[in-house]
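Beneath this line is the structure, given in structure tokens, with notes to follow.
The values are calculated or read from the model by the stated rules, or taken from the named source; none is laboratory data. Model, not experiment: these values are computed from the prediction. Virtual Cβ from ideal backbone geometry, glycine too; neighbours counted across all protein chains shown.
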């Protein structure tokens with residue numbers, strides 16, 4: 001019995017746009033949410049609406065997203081300047097804190113234990 005590589009990839013949900021990539025994209029947005037600067041919530045919503053889950057690309061598609069990502073000082077009630085989580089480089093900080101949890105969930109999604 002010969003099993004084709006494409007079939008294994010499909011069964012594990014690893015195909016382009018498959019359930020594994022959709023899971024990772026969804027988890028990245030979820031874990032980034034409390035770290036994204038928030039005045040009105042528009043920046044957070046732009047990430048949700050600008051991302052096609054399964055594409056592997058998280059896109060915050062509002063004109064000031066880039067500036068906030070690299071320059072936001074995190075000032076305000078929940079900003080990093082006051083001990084909160086919100087502020088610049090939210091993806092990098094999220095990844096440092098939650099990468100292991102995302103990989104663990106990915107292992108479960110793909111049907112592989114440690």
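If you take the residues of the stretch 44-61 that are in contact (Cβ under 8 Å) with a residue 12 or more places away in the chain and crowded, with 16+ Cβ neighbours inside 10 Å, which of them is farthest from residue 98 (Cα to Cα)? My answer is 46. Total residues in the stretch 30-43 satisfying the condition of being within 13 Å of the chain's Cα centre (by Cα) and surrounded by 19 or more Cβ atoms within 10 Å (Cβ to Cβ): the figure is 4.
A count restricted to the stretch 1-23 and to residues that are surrounded by fewer than 19 Cβ atoms within 10 Å (Cβ to Cβ) and under 30 Å from residue 72 (Cβ atoms) stands at 1. Being at pLDDT below 95, touching a helix residue (DSSP H, G or I) at 6+ places or on another chain (Cβ under 8 Å) and farther than 21 Å from residue 16 by Cβ is a description that does not apply to residue 46. When the test is whether a residue is in a loop (DSSP other than H, G, I, E, B) and in contact with a helix residue (DSSP H, G or I) (Cβ under 6 Å, 6 or more places away or on another chain), residue 27 does not pass it.
Give the stretch 30-43 a look and list any residue that's farther than 17 Å from residue 68 by Cβ and in contact with a helix residue (DSSP H, G or I) (Cβ under 7 Å, 6 or more places away or on another chain), or say none.
31 - this is the single residue of the stretch 30-43 that is farther than 17 Å from residue 68 by Cβ and in contact with a helix residue (DSSP H, G or I) (Cβ under 7 Å, 6 or more places away or on another chain).
When residue 67 is tested against (1) assigned to a helix (DSSP H, G or I); (2) under 19 Å from residue 89 (Cα atoms); (3) under 17 Å from the mean Cα position of the chain (by Cα), exactly one condition is not met: (3).
Just one of the listed residues (76, 111, 84) is modelled with pLDDT under 95, assigned to a loop (DSSP other than H, G, I, E, B) and within 30 Å of residue 7 (Cα to Cα), namely 111.
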